[in-house]
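This report refers to the structure that appears directly beneath it.
The values are calculated or read from the model by the stated rules, or taken from the named source; none is laboratory data. Predicted model, so just to flag it, every value in this text is computed and none were measured. Here the Cβ is made from the backbone with ideal geometry for all residues, glycine too, and neighbour counts use every protein chain on show.
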Amino acid sequence: MMNTTSSKIRNTVNSIRILVVDDYSVALFQVMDILKRWNHQVTGVTNPSEAISILGKNQGGFDLVVTDYHMPVMNGIDLQKRIHEEFGLPVIMMLEEENRVPNDEEFRVWGGLVYPETRKADGF
(Lines give C-alpha, C1' and ligand atoms only; values in the text may rest on other atoms or scores of the structure.)
Protein backbone atom coordinates (compact mmCIF):
# COMPACT_ATOMS: atom_id res chain seq x y z
CA MET A 1 0.00 0.00 0.00
CA MET A 2 1.35 3.39 -0.99
CA ASN A 3 1.07 6.42 1.27
CA THR A 4 -0.39 9.73 0.13
CA THR A 5 3.00 11.45 -0.09
CA SER A 6 4.31 8.77 -2.45
CA SER A 7 1.20 9.14 -4.63
CA LYS A 8 1.64 12.91 -4.84
CA ILE A 9 5.31 12.61 -5.76
CA ARG A 10 4.60 9.92 -8.35
CA ASN A 11 1.98 12.11 -10.02
CA THR A 12 4.33 15.11 -10.27
CA VAL A 13 7.40 13.31 -11.65
CA ASN A 14 7.69 13.51 -15.43
CA SER A 15 8.18 10.25 -17.26
CA ILE A 16 11.76 9.76 -18.40
CA ARG A 17 13.35 7.15 -20.67
CA ILE A 18 15.64 4.91 -18.64
CA LEU A 19 18.03 2.14 -19.70
CA VAL A 20 18.70 -0.33 -16.87
CA VAL A 21 21.79 -2.57 -17.04
CA ASP A 22 22.29 -5.50 -14.67
CA ASP A 23 23.71 -8.94 -15.41
CA TYR A 24 21.55 -10.46 -12.65
CA SER A 25 18.13 -10.74 -14.29
CA VAL A 26 16.17 -10.89 -11.01
CA ALA A 27 17.58 -7.53 -9.89
CA LEU A 28 17.12 -6.13 -13.40
CA PHE A 29 13.41 -6.95 -13.43
CA GLN A 30 12.93 -5.65 -9.88
CA VAL A 31 14.48 -2.28 -10.74
CA MET A 32 12.54 -2.10 -14.00
CA ASP A 33 9.29 -2.87 -12.18
CA ILE A 34 9.86 -0.11 -9.62
CA LEU A 35 10.68 2.44 -12.33
CA LYS A 36 7.67 1.44 -14.42
CA ARG A 37 5.42 1.90 -11.38
CA TRP A 38 6.67 5.49 -11.37
CA ASN A 39 5.45 5.75 -15.00
CA HIS A 40 8.91 5.86 -16.58
CA GLN A 41 9.68 4.30 -19.96
CA VAL A 42 12.12 1.52 -19.12
CA THR A 43 14.32 -0.76 -21.22
CA GLY A 44 16.51 -3.41 -19.61
CA VAL A 45 19.58 -5.32 -20.75
CA THR A 46 21.84 -7.84 -19.02
CA ASN A 47 25.05 -6.95 -20.83
CA PRO A 48 27.04 -3.67 -20.82
CA SER A 49 28.03 -4.19 -24.48
CA GLU A 50 24.36 -4.46 -25.39
CA ALA A 51 23.72 -1.23 -23.50
CA ILE A 52 26.38 0.59 -25.55
CA SER A 53 24.89 -0.84 -28.74
CA ILE A 54 21.33 0.22 -27.85
CA LEU A 55 22.48 3.71 -26.90
CA GLY A 56 24.36 4.00 -30.20
CA LYS A 57 21.36 2.90 -32.25
CA ASN A 58 18.97 5.17 -30.33
CA GLN A 59 20.83 8.48 -30.06
CA GLY A 60 18.62 10.74 -27.96
CA GLY A 61 16.37 7.80 -27.06
CA PHE A 62 17.26 7.73 -23.36
CA ASP A 63 17.49 10.31 -20.59
CA LEU A 64 19.23 8.22 -17.94
CA VAL A 65 21.12 4.95 -17.44
CA VAL A 66 20.87 2.93 -14.23
CA THR A 67 23.56 0.26 -13.98
CA ASP A 68 24.93 -2.33 -11.61
CA TYR A 69 28.56 -1.91 -10.57
CA HIS A 70 29.61 -5.56 -10.44
CA MET A 71 29.29 -7.13 -13.90
CA PRO A 72 31.53 -9.44 -15.93
CA VAL A 73 33.53 -8.11 -18.89
CA MET A 74 32.86 -4.41 -18.13
CA ASN A 75 32.16 -3.05 -14.62
CA GLY A 76 29.85 -0.15 -13.88
CA ILE A 77 32.65 2.44 -13.72
CA ASP A 78 33.96 1.46 -17.16
CA LEU A 79 30.42 1.49 -18.55
CA GLN A 80 29.76 4.89 -16.99
CA LYS A 81 32.95 6.30 -18.55
CA ARG A 82 31.92 5.10 -22.02
CA ILE A 83 28.38 6.39 -21.65
CA HIS A 84 29.61 9.77 -20.43
CA GLU A 85 32.21 10.10 -23.21
CA GLU A 86 30.10 8.76 -26.09
CA PHE A 87 26.56 9.84 -25.18
CA GLY A 88 26.81 12.43 -22.39
CA LEU A 89 24.07 10.76 -20.35
CA PRO A 90 23.79 10.72 -16.56
CA VAL A 91 24.37 7.34 -14.92
CA ILE A 92 23.13 6.05 -11.58
CA MET A 93 25.18 3.12 -10.31
CA MET A 94 23.78 0.46 -8.01
CA LEU A 95 25.84 -1.52 -5.53
CA GLU A 96 24.83 -4.58 -3.59
CA GLU A 97 25.00 -3.78 0.11
CA GLU A 98 27.72 -6.32 0.88
CA ASN A 99 29.91 -5.00 -1.92
CA ARG A 100 31.95 -1.83 -1.77
CA VAL A 101 33.45 0.34 -4.48
CA PRO A 102 37.03 -0.96 -4.75
CA ASN A 103 38.42 2.53 -5.29
CA ASP A 104 36.19 5.31 -3.97
CA GLU A 105 38.51 7.97 -5.41
CA GLU A 106 38.23 6.57 -8.96
CA PHE A 107 34.47 6.48 -8.53
CA ARG A 108 34.38 10.13 -7.45
CA VAL A 109 36.64 11.27 -10.33
CA TRP A 110 33.94 10.17 -12.76
CA GLY A 111 31.22 12.10 -10.94
CA GLY A 112 30.14 9.39 -8.54
CA LEU A 113 28.90 9.91 -5.03
CA VAL A 114 28.94 7.08 -2.53
CA TYR A 115 25.90 7.08 -0.27
CA PRO A 116 25.33 4.59 2.52
CA GLU A 117 22.15 2.60 2.16
CA THR A 118 19.48 4.13 4.38
CA ARG A 119 16.51 1.93 3.49
CA LYS A 120 15.52 -0.67 0.97
CA ALA A 121 13.52 0.38 -2.07
CA ASP A 122 9.95 -0.80 -2.49
CA GLY A 123 9.87 -4.24 -4.05
CA PHE A 124 13.18 -5.51 -2.67
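Taking interchain pairs and intrachain pairs at least six residues apart, which have beta carbon atoms under 8 angstrom, with the first residue in the range 33-47 and touching a residue at least 24 places away in the same chain (Cβ under 8 Å) and the second of a type in the set (S, T, N, Q) and surrounded by fewer than 16 Cβ atoms within 10 Å (Cβ to Cβ)?
N39/S15; H40/S15; Q41/S15; T46/S25
Only one of these conditions is not met by D63: (1) farther than 24 Å from N14 by Cα; (2) surrounded by fewer than 18 Cβ atoms within 10 Å (Cβ to Cβ). Which number is it?
Here D63 clears every test but (1).
Residues checked against (1) over 14 Å from L19 (Cα atoms); (2) touching a helix residue (DSSP H, G or I) at 6+ places or on another chain (Cβ under 8 Å):
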residue: I34; (1), (2): no, no
residue: P48; (1), (2): no, yes
residue: S53; (1), (2): no, no
residue: G56; (1), (2): no, yes
residue: V66; (1), (2): no, yes
residue: R82; (1), (2): yes, yes
residue: P90; (1), (2): no, no
residue: M93; (1), (2): no, yes
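Which members of the range 1-32 meet the condition of being of a type in the set (A, V, I, L, M, F, W, C), touching a strand residue (DSSP E or B) at 6+ places or on another chain (Cβ under 9 Å) and either part of a strand (DSSP E or B) or at pLDDT below 90 (or both)?
Those that are of a type in the set (A, V, I, L, M, F, W, C), touching a strand residue (DSSP E or B) at 6+ places or on another chain (Cβ under 9 Å) and either part of a strand (DSSP E or B) or at pLDDT below 90 (or both): I18, L19, V20, V21.
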